[in-house]
Amino acid sequence: MKKILCVAKREFMATVTTKAFIIGILITPLMLGIVVTILPRMMNRTPPKVVGEIAVVDPTGQVIEGFRAYLQPERFVERSNEISRDASDKMPEAVKSVVAKSAGGQAEMQRQIAAALGDAPQLTVLGLEPGADLEQAKSPLKNSTTNKSNEPERLALVIVHTDAVQRAQGKDRFGSYDLFVRSKLDDRIESDIRDGLREAIVDARVRGSGMSRDEIEALTTVDQPRSRTVTAEGERATNQVFNIMLPAAFMFLLFVSSLTSSQSLLTTTVEEKSSRVVEVLLSAVSPLELMAGKIIGQIAVGFVMLALYAGLGILALYSFAMLGLLDPVLIVFLLIFFLIASVTVAALMAAIGSAVNEIREAQGLITPVMMVLILPMMLWMPISREPNSALAQTLSYVPGVGNFVMLLRMASNSPPPAWQVALSIVACAAGAVAAVWAASKVFRIGVLMYGKPPTFGTLIRWIRMS
Amino acid sequence: MADAIVLKSLTKTFGKTVAVRNLDLVVPEGALYGVIGPNGAGKTTTIRMILSILFADSGELTVLGKRSALDAKDRIGYLPEERGLYKKMRVDEFLAYMAHLKGVYDPGLKRRVRDFLDRVELGNVEMKKCEELSKGMQQKVQFVAAIIHQPDLLILDEPFAGLDPVNQRLLRDLVVEEHKRGATILFSTHVMVHAEQLCDHVVMIHKGEKVLDETFAGIRAQFDPRSILFEPMDPLADVSALESVNGVLSLRREGSVWDIALEERADPAAIIRAIAVAVAPARIELRRPTLEDVFIAIVDGTSTVAGDERTRLRASLRESSHAMEVRR
C-alpha cells in the first residue's frame, strides 16, 4: 500500500504542478464568466446607431405621425430600458442588489440614458404624397451606403394600404402596408420599422373605432406574478433558472472533474511508456500497484478540481443568499458518483494509455469511450425534463453513464426513489470494479508491448490471455 | 551458500515465437554472472521473467528464496536495457522516488542521493531536470537508481550500451564495488569483451536456449585452442625451423604473426622456451580462447551455421574499438 500511495503522490504532484493543469483549471470558470458577461452583450438587441430617412406614403393620413413618434431616439432608449427592467425583474434579489451597486446608483443610470441617446438611431420620417412616383421613391434605396452628400440616406420606403385603418367595403380584414428596404439594412432597424408601423396602424384603428387603446390593453393584460415554492422549511420565491441549471451544473461538475483527471492519466501513462521509464517502475512495483497508484493519484487530481469548482459554486450561492436552494444531500451523492465515475473512466484510460505508444495512437481507442461518456451531456435536456422516463431510468443503470444520469435525475424537480439510486450505485460500482479488472489485464501486457497500436479486438484478446 | 536465482525449465513464448526454451540456471549468492548471446537470443526475456515483469508459460523460478521476485522487489536492483527517466523530474527527486519505491524512507535519503551522485561523478546535477542531462549522464543516473537501495541482487541488462569508454570503465568499477559489497550480480550483454572483463561465470544463450553455463577457468580448459602466437623480431626471419621443435604440429601465418598449433600432450611452456631460442621473438604468447570464439564454436557444433550467419553473429558479439581501448 505504501508503494501505491508513493506512485499516487508522484502522479498527483506531476499533474497539479504543471502549467497545463493550472491554466486548464482556470479556463473553465473563465469561460463561464465570458458566457455570463460577454455573450449577452454580443447578443444585444439594441439597434445600431444609424442615420437615415424612411419615406412613407400614407393615403390614410392617420399612420405617419404615430410612426414618426415611435422612431424618436428617446423612444428607442425608453424601449431599451424597458427590456433591461424586465430582465432585472427576473433576477434574484441578491443579484439585483449587486448589479445596482456595481452600476453606481441613479446617477449612473442617468449617465447611461444620456449615452444611450447619443447612440440611438437617428431616423427621419419623410411623408410622400399619395400620388408620388413609386419608382422614383424607390431609386434612392439602390444607392450605395456611402452617401457623400449631406442628405440623409433613404433606408426604406413604406406604402400604407388605403384600407389599413378602415376596412374596405365588404372585406373582413384590414389592409396592411408594403415595405421596400435597401440592401444590407440592419435587421434590428427593419424590425423597429415593422414594430413602429404596427403600433401606429393599431393606434389609428382603435381611434377610428372610438375606443381607448389604454382601456383595451388594460382589459387584455393579466400580470404574471412569480410563483413561490412551498417547502417544509418555509416559502421562497421560485427560481426557475436555478431549477433548470442545477442538474446541469452537477452533471457538468462530475463530467469535468472525472474526465480531466482521466485524460491526465492517459497522458502520463503514455509518457511513461514512450520514455521507457515504465520498466524501471515495474522492477519496483507490480503492474497492478502501478496502475492503482496512478488511478488514486489522478482521482485526487479530479477531487481537487471538483472541490474547487463546487466550492466556487457554493460560495456564489452563499453570496447571493441562495444557498438554501441547494440540497446538501446532493453534494454527498456527487462525491459518491464522482468516485465511481473517476475509477471507471481512469481505469479505461490507464488501459488505453498502456496499450499505445503515443497519444496520437490513443485517439482511435478513446473516441468510442468518449462517445459513451458524453451521451448524458447530449441527453441533458430530455432527462431533466422527464427524469423518470424509461430512457432516463434505463441509462441510470448503465455503468459508465449511470453516474451522470442518476445525478442529473436526483438534482431535477422529480428525484427518483431511493431504491433506484441504490441500484444505480451498485450497478455503476460493479462496472467500475469490472473496468479496473479488465484494465489491469490490459495494463500488465500492454505496458511492455511496443510496435503496432492495438485495436479493441487486441485488447479483448489480452484480457483473455491474462 | 544459498542460491540467489534458481530457474527450472523456464519457457516463454510470444505468439508462435519461442523466446526462451527450457532454461535451467542457478546463480549462487555473491556471484557475478554474465548472460551473453547475440541480439534477440532471449536474454532480456529471461531477465524480465526473473523480475516477474513477464511471467513464464511453464517452469519454476526462485529469486532470493522467494517464489516470485514480486516478494523480494525491494532487495533487487534493476537497470533495464530500454532506459527511461521522467524528463520533467529533477534528478534528486527521481532518485528519491525510486528509493521510496524500493522501500527506503530513512531521513538521510537526501544525503544518500548526493553521495551516490558523487560516486558517479554527477555531484553537480541533482537539482537539474533529467531532460537537461546528456545521454551518458542519464544512464549513470539510472544506474544510481538501480543501486540506491543497496540491493542484494543487481540485474543489469546491457549496462554498457551507449556509454563512452571512460564511463564504461567507471560503470565497470561501480559494478565491481557492488559485487565486493556482497551483491549478487547478473548482467546481460551481447558484447563478449564486457563479459570477459567482469564475470567469473558465463551463461550463453542462443535462440532461447542455454548453450553454455561455465566458469571462466572451465571455459579456458574446455576451449583451449592449444596454439601459440608468435611474432619474430625480424619480419623476414626464416621460421620454418620452428616446425621441427618438439610438440609443434603446424605453422600458419596470420599477417605478421604466426599461429603455432601444438600437439595434444605437448608442454606449452617448454615449447615457448624452445621457440624463443630458435628465432628471436618480438612477441610470444599462449593463445587464449575469447568468448566470441567459444560462442561461435558452440553454435557451430550445435547447429548448422552458414558462413553469412557466422559473420553476422561475430559482428553482433563484437564490441566497437571503444571497449577494446577500455580493456587495454
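The values are calculated or read from the model by the stated rules, or taken from the named source; none is laboratory data. Being a predicted model, the structure only gives us computed values, none of them experimental. When we count neighbours, we look across all protein chains shown, and the Cβ atoms used for this are built from the backbone with ideal geometry, even at glycine.
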If we keep just the residues of region B:89-124 that are out of contact with any Lys or Arg (no Cβ under 9 Å at 6 or more places or on another chain) and part of a loop (DSSP other than H, G, I, E, B), which is farthest from the other protein chains (Cβ to nearest Cβ)? B:Asn124
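State yes or no: is B:Ile47 within 15 Å of A:Ser286 (Cα to Cα) and within 13 Å of chain A (Cβ to nearest Cβ)?
For B:Ile47, the condition - within 15 Å of A:Ser286 (Cα to Cα) and within 13 Å of chain A (Cβ to nearest Cβ) - is not met.
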Which count do you get for residues in region A:423-465 that are small (Gly, Ala, Ser), farther than 18 Å from A:Glu289 by Cβ and surrounded by fewer than 20 Cβ atoms within 10 Å (Cβ to Cβ)? 6
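What about A:Val332, is it in the same structural domain as A:Ala292 (by TED's automatic domain parsing), exposed (fewer than 14 other Cβ atoms within 10 Å of the Cβ) and closer than 12 Å to A:Phe250 by Cα? So that I can check it myself, show each step before the final result.
Numbers: in the same structural domain as A:Ala292 (by TED's automatic domain parsing): yes; exposed (fewer than 14 other Cβ atoms within 10 Å of the Cβ): yes; closer than 12 Å to A:Phe250 by Cα: yes.
Yes: the conditions hold for A:Val332.
Residues to consider are A:Ala316, A:Ala310; find the one that is surrounded by fewer than 24 Cβ atoms within 10 Å (Cβ to Cβ), closer than 28 Å to A:Met371 by Cβ and either assigned by TED's automatic domain parsing to the domain that holds A:Ile425 or free of Cβ contacts under 8 Å to residues at least 24 places away in the same chain (or both). Walk me through it before giving the result.
Values: A:Ala316 fails: closer than 28 Å to A:Met371 by Cβ.
Unique residue meeting the criteria: A:Ala310.
So, A:Arg226, is that one farther than 30 Å from A:Leu306 by Cβ, surrounded by fewer than 19 Cβ atoms within 10 Å (Cβ to Cβ) and within 14 Å of chain B (Cβ to nearest Cβ) or not?
Numbers: farther than 30 Å from A:Leu306 by Cβ: yes; surrounded by fewer than 19 Cβ atoms within 10 Å (Cβ to Cβ): yes; within 14 Å of chain B (Cβ to nearest Cβ): no.
So A:Arg226 does not fit the description; no.
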Give just the number: which of (1) within 20 Å of A:Ile331 (Cα to Cα); (2) in contact (Cβ under 8 Å) with a residue 60 or more places away in the chain; (3) touching a Leu at 6+ places or on another chain (Cβ under 7 Å); (4) not hydrophobic (A, V, I, L, M, F, W, C) does A:Arg409 not satisfy? (3)
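Could you list, in sequence order, the residues of region A:377-406 that are assigned to a helix (DSSP H, G or I), in contact (Cβ under 8 Å) with a residue 12 or more places away in the chain and under 20 Å from A:Val345 (Cβ atoms)?
Our first condition is that a residue be assigned to a helix (DSSP H, G or I); within region A:377-406, this holds for A:377-378, A:380-385, A:390-396, A:402-406.
Applying the additional criterion that residues be in contact (Cβ under 8 Å) with a residue 12 or more places away in the chain yields A:377, A:380, A:383-384, A:391-393, A:395-396, A:402-406.
If the condition is that a residue be assigned to a helix (DSSP H, G or I), in contact (Cβ under 8 Å) with a residue 12 or more places away in the chain and under 20 Å from A:Val345 (Cβ atoms), then A:Met377, A:Trp380, A:Ile383, A:Leu395, A:Ser396, A:Gly402, A:Asn403, A:Phe404, A:Val405, A:Met406 are the ones that fit.
Check every one of the helices (runs of 4 or more DSSP H) wholly within region A:1-110 and list those with 3 or more residues that are small (Gly, Ala, Ser), within 30 Å of A:Lys142 (Cβ to Cβ) and at pLDDT below 90.
On the way: elements: A:2-16, A:19-42, A:64-70, A:73-90, A:93-103.
Result: empty, no element qualifies.
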Can A:Val277 be described as in contact with a Gly (Cβ under 9 Å, 6 or more places away or on another chain) and modelled with pLDDT under 85? yes
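Residue-by-condition table, conditions (1) assigned to a strand (DSSP E or B); (2) in contact (Cβ under 8 Å) with a residue 60 or more places away in the chain:
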site	(1), (2)
B:Gln142	no, yes
B:Ile155	yes, yes
B:Gln168	no, yes
B:Lys180	no, no
B:Val211	yes, yes
B:Ala217	no, no
So the check is Cβ under 7 Å with 6+ separation or different chains; which pairs have a first residue in region A:279-290 that's over 13 Å from B:Ile155 (Cβ atoms) and within 7 Å of chain B (Cβ to nearest Cβ) and a second one that's surrounded by 24 or more Cβ atoms within 10 Å (Cβ to Cβ) and among the β-branched types (Val, Ile, Thr)? A:Val285/A:Val7
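Can you go through B:Val20, B:Val35, B:Val6, B:Val26 and tell me which one is in contact with a strand residue (DSSP E or B) (Cβ under 6 Å, 6 or more places away or on another chain), without any contact (Cβ under 8 Å) to a residue 24 or more places away in the chain and away from chain A (no Cβ under 14 Å)?
Numbers: B:Val20 fails: without any contact (Cβ under 8 Å) to a residue 24 or more places away in the chain; B:Val35 fails: without any contact (Cβ under 8 Å) to a residue 24 or more places away in the chain; B:Val6 fails: without any contact (Cβ under 8 Å) to a residue 24 or more places away in the chain.
Result of the check over B:Val20, B:Val35, B:Val6, B:Val26: B:Val26.
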Can you name the residue in region A:1-25 that is among the basic types (Lys, Arg) and closer than 18 Å to A:Leu282 by Cβ and is also surrounded by the fewest Cβ atoms within 10 Å (Cβ to Cβ) among such residues? A:Lys2
Which of the residues spanning region B:54-88 are in a loop (DSSP other than H, G, I, E, B), within 12 Å of another protein chain (Cβ to nearest Cβ) and over 26 Å from B:His190 (Cα atoms)? B:Ser68, B:Tyr86, B:Lys87, B:Lys88
For the subset of region A:450-464 comprising residues that are part of a helix (DSSP H, G or I) and not basic (Lys, Arg), which member is nearest to B:Leu54 (Cα to Cα)? A:Trp462
